[in-house]
Amino acid sequence: MTAIMDGPEATKVSDVIVCRDVHKWYGDFEALKGVDLTVEAGEVVVILGPSGSGKSTFIRCMNRLEEHQEGRIIIDGIELTHDVRNISEIRREVGMVFQQFNLFPHLTVLDNITLAPINVRKWSRDRAEELAMKWLTRVGIPEQADKYPGQLSGGQQQRVAIARALTMQPKILLFDEPTSALDPEMISEVLDVMRDLAKAGYTIVAVTHEMGFAREVAQRIIFMDGGQIVEINSPENFFNNPTHERTKLFLSQILNH
Amino acid sequence: MASVTTTTSSKPPVQQRGTFSKKFNLNYFLQDNISGSRGLLIWVSILAIVTVGLLVQQFNNAPGRTWVIFGVWAVAVLGTVVGELFTLHIGATRWLKENMFNNVSNSLMTLFLGLFVAIIGSGLWSWGVANATFDPALTHPDVRTFDGASWGVLWGARKLLLTGLLEPEHNGRVIQWTLTILGLWALSFIGTRESTRETGWGTWVRRIANVGWVLSPFISYIFLAGLEYTEPFIDTRRFILGTVLVVAVMAILWFFKVIQLNPMTTAMWVLAWPAAYLLWRGITLVSHNAEIFTPIDVDRWGGLLLTVIFAIFVNILSFPIGILLALGRRADVQGIPYWILWPIAIALTAWGLYTSTFGNCIGTPSFLCENVNLWATSRNTVEQIIAFWPLLIPLATWAFLRSFDGNFLQAFSVLFIEIIRGVPLITLLFMAIIMAPFFLPEDSQGLSNFWAVIVGYTIFSSSYMAELVRGGLQAIPKGQYEAADSLGINTLQKYRFIILPQALRILIPPLAGAVIGTFKSSSLVALVGMIDLVGSTKAIIANSQWLGLRTELYVFMFVLYFLVSSIVSWYSRRLEDQAGLGVR
Ligand SMILES: Nc1ncnc2c1ncn2[C@@H]1O[C@H](COP(=O)(O)OP(=O)(O)O)[C@@H](O)[C@H]1O
Ligand SMILES: [Mg+2]
């Protein structure tokens, strides 16, 4: 990755994600048990935690793919309520990248990327395609624009998914284990793109198991377990002197693995 | 150097043409073909006995034909064996070997099927061609041949077969309509072929064809039923009622957050009905003055025409209704809350109980409340109990809230689909014809049987279509919905651009099956007195001129239904190829 495009214009230097005492139930099962988190503009936050600890549920609440039942979530000054207008406004500002890429298999790469800008942002096709090509170039695969997702490798697909999220010009990016479905040799190409975005000043919340990436890029690490945030710490402290017993256990399991 | 030698020697030895095959081994041959397993041995023995038996029997019955078949078979077997043993294969013997004589049991099977086809073919030939007559004048029982077919009936009764009771002066309109539909098909065909080649105009041709198909029930109606002009030009009641209905639909969709409104789209919704109504009335007036599309009584349509019209109308109408029902069944909308439902339910119950037990219709329109005083008029215990029917309202409300959480769309779709699928088509058709008058205002001239059957059949077909489409929707991974949501795409766009295109691609084969099924099942309408292809066949057989010529007519129907069904399935395979289903 070479050239760095401008990040989103620095808005108010304040908190773009505010979660207060968020509770979420799946039926009788409480997946989030009162989660508090504040993320500042331009900050990169990595969420770690054992499987089933509620990491995905938490970040999916931030763009209403899941609905929280108690507490408040305020994204970029807009509170997530039942009001669809708020939800669609927030979704425009929040891009999401999934573990399984979730590209639209019946559309070409270019159409995958321009669909939302044209229909949601109401841009002209030309404008949308121009920006789409810019992002495809930035993630390193401009030559794949006319192919279908099924013709690309996993790493390329995930980079298309990132370009798709970014062409909507979001202020916030959510990543849910973006490298977990990739073959080892493709992981780094996706991590490079993410590193690049972090430098460009995007607000990023990422769930990942890439400890090297977390240590290098994150400003804060959130450790979740059992539907709660157990520890929030800087990367050095988190990996070198974790304060909490469960964090130590988690780290030892990972390191001994 | 050693490696070079190994590569060359590891190639299979090229065998000289015309030398004895080195691969042949009698033991292996016997094992592969006859003695390999007990099952194989038994199968080959039975096949040999049956084939030889049939051969001997055929030598006695039809020696000439059988000699020819046996001779050709023997020569082919010999050629294959020689070609195989001495590596002498040419194109033809290789084809024969691969397709007919690749082992002993298939060689026997080839002989058996050859004899079998000859028996059937010669029977059909002597009945259908050699001993048949083709002259329409020779179909009367007094002059008819009884050795073979009297194909003259097809020509003699062509009018009944093709258009039923339709007056001959309307034939021109039927032909124009047929050409229109064929033209539409040609447009679709060209459009889909060209648009896969990324030429700009192909897409446009396809779009025009699609609009044509959507409008085809109206086009067909104009050609085949004509336009009846009635004064006044604008019926105020219909004008206003239609507008109100469309606006109500808009409001409901907006309320359930299916669509979002801005001044532009609101104006389009509000003006949709007035524009369509004025257009329709305009066409009617023009056609009336120029006497182009004079009215035709739809109940006189018949024969193949009626069958095709049923297929087109029912398929085209039930497809969008089916999609809507499927979406409704999956709709995850905000339910009507209990604090709205219960007061309404209780008020209705109270009002119902009051009128049915003590009441005498205070302040209610008389058509709603005739004889509602059930209690006063009851004659026995059962009727007394029936007077308390309004108590069912709270029960239904409770069930609705409990099962569907107040989700009206879902409740309607589920009940519609499940109830209709639980009823045989023929029952629905009878109900449509018999019960339609009860739902119509008393002063109307009544619904023609044709429209009643169309309604009944469409209802039936759409509930099956709905379940098909729902299956397709369920095959789309949850991630597709989530990706669309996360991009801020609204519900309508999500289905339009992402979910339905993928679901319909998966659904091409089952939808083709449904189209064929609807086409063939339309023959059931003969049972409710419609003169469709089957109905007119029955009428023809009963006619003294063609009395009892059922075989000819059934063969004709067989060929016709088979042809149409084959064309539809061929077309669906083509669509499937174009949609790139297999490639993905
Ligand atoms: N749709 C769902 N229905 C019911 N339970 C769910 C659902 N999604 C997640 N859960 C449960 O919620 C918990 C948290 O899940 P998740 O957020 O996916 O964990 P993580 O991403 O940390 O592995 C798990 O116990 C999981 O079984
Ligand atoms: Mg997860």
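Quick notes on this one:
- B:Asp485 being crowded, with 18+ Cβ neighbours inside 10 Å and within 10 Å of chain A (Cβ to nearest Cβ): yes
- Test: B:Trp570 is of a type in the set (Phe, Trp, Tyr), in the same structural domain as B:Arg329 (by TED's automatic domain parsing) and within 30 Å of B:Pro141 (Cα to Cα): no
- B:Ile385 vs. criteria part of a helix (DSSP H, G or I), out of contact with any Phe, Trp or Tyr (no Cβ under 6 Å at 6 or more places or on another chain) and modelled with pLDDT of 85 or more: no
- Number of the exception - A:His106 against (1) away from ligand 2 (no atom under 16 Å from the Cβ); (2) at pLDDT 95 or above; (3) over 17 Å from the mean Cα position of the chain (by Cα); (4) surrounded by 16 or more Cβ atoms within 10 Å (Cβ to Cβ): (2)
- Qualifying residue in the stretch B:439-454 (condition: within 22 Å of the chain's Cα centre (by Cα) and open to solvent by 30 Å² or more (accessible area, probe 1.4 Å)): yes
- Scanning the stretch A:173-190 for residues that are more than 16 Å from ligand 1 (Cβ to nearest atom) and among the charged types (D, E, K, R) yields A:Asp183, A:Glu185, A:Glu189.
- Strands (runs of 3 or more DSSP E) wholly inside the stretch A:41-119 that include at least 2 residues being out of contact with any helix residue (DSSP H, G or I) (no Cβ under 6 Å at 6 or more places or on another chain) and more than 17 Å from A:Pro170 (Cα to Cα): A:70-75
- When the stretch A:56-80 is filtered for residues that are within 14 Å of the chain's Cα centre (by Cα), within 15 Å of ligand 2 (Cβ to nearest atom) and open to solvent by 10 Å² or more (accessible area, probe 1.4 Å), the ones remaining, listed by number, are A:Ser56, A:Thr57, A:Arg60, A:Leu65.
Here is a yes/no grid of residues against (1) touching a helix residue (DSSP H, G or I) at 6+ places or on another chain (Cβ under 8 Å); (2) open to solvent by 50 Å² or more (accessible area, probe 1.4 Å); (3) away from ligand 1 (no atom under 16 Å from the Cβ):
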| site | (1), (2), (3) |
| --- | --- |
| A:Ala165 | yes, no, yes |
| A:Lys171 | yes, yes, yes |
| A:Asp192 | no, yes, yes |
| A:Tyr202 | no, no, yes |
| A:Ala206 | yes, no, no |
| A:Phe239 | yes, no, yes |
| A:Glu245 | no, yes, yes |
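- Verdict on B:Ala350 being of a type outside the set (D, E, K, R) and at pLDDT 90 or above: no
- When A:Val97 is tested against (1) modelled with pLDDT of 95 or more; (2) within 14 Å of ligand 1 (Cβ to nearest atom), exactly one condition is not met: (2).
- Pairs linking a residue in the stretch A:163-189 that is at positive phi to a residue that is away from ligand 1 (no atom under 16 Å from the Cβ), with Cβ atoms under 9 Å and 6 or more positions apart or on different chains, are A:Gln169/A:Pro8; A:Gln169/A:Arg92; A:Gln169/A:Glu93; A:Gln169/A:Gly95; A:Gln169/A:Pro117; A:Gln169/A:Arg121; A:Gln169/A:Leu131.
- Against the conditions (1) farther than 18 Å from A:Thr203 by Cβ; (2) more than 9 Å from chain B (Cβ to nearest Cβ), A:Ile74 satisfies every one except (1).
- Test: residue in the stretch B:315-326 that is exposed (fewer than 14 other Cβ atoms within 10 Å of the Cβ) and modelled with pLDDT of 85 or more: yes
- Filter result for the condition that a residue is within 30 Å of A:Thr167 (Cα to Cα) and within 14 Å of another protein chain (Cβ to nearest Cβ), over A:Glu40, A:Glu79, A:Glu93: A:Glu93
- Taking the stretch B:445-482 as the range and being facing chain A (nearest Cβ under 7 Å) and among the polar types (S, T, N, Q) as the test, only B:Gln480 passes.
- In the stretch B:238-256, the residues that are at pLDDT below 90 and open to solvent by 70 Å² or more (accessible area, probe 1.4 Å): B:Arg238, B:Ile252, B:Trp254, B:Phe255
- Where helices (runs of 4 or more DSSP H) fall wholly inside the stretch A:176-257, the ranges with 1 or more residues that are within 16 Å of ligand 2 (Cβ to nearest atom) and under 24 Å from A:Gln157 (Cβ atoms) are A:211-217.
- Evaluating B:Pro477 against the criteria (1) closer than 19 Å to B:Ile321 by Cβ; (2) surrounded by fewer than 20 Cβ atoms within 10 Å (Cβ to Cβ) leaves one unmet condition, (1).
- Hits in the stretch A:147-163 (condition: within 11 Å of chain B (Cβ to nearest Cβ) and buried (at least 21 other Cβ atoms within 10 Å of the Cβ)): A:Pro149, A:Ala161
- Candidates B:Ile181, B:Ile234, B:Ile175 - the one that is open to solvent by 50 Å² or more (accessible area, probe 1.4 Å), assigned to a helix (DSSP H, G or I) and over 30 Å from B:Gln334 (Cα atoms): B:Ile175
- A single member of B:Ser569, B:Ser521 is assigned to a helix (DSSP H, G or I) and surrounded by fewer than 17 Cβ atoms within 10 Å (Cβ to Cβ), and it is B:Ser569.
The values are calculated or read from the model by the stated rules, or taken from the named source; none is laboratory data. The structure displayed is predicted, hence computed values, not measured ones. As a convention, Cβ positions derive from the backbone with ideal geometry for all residues, glycine included, and neighbour counts pool all protein chains shown. Surface accessibility is based on the protein's heavy atoms, side chains included, excluding ligands, DNA and RNA. Shrake-Rupley method; radii C 1.70, N 1.55, O 1.52, S 1.80 Å.
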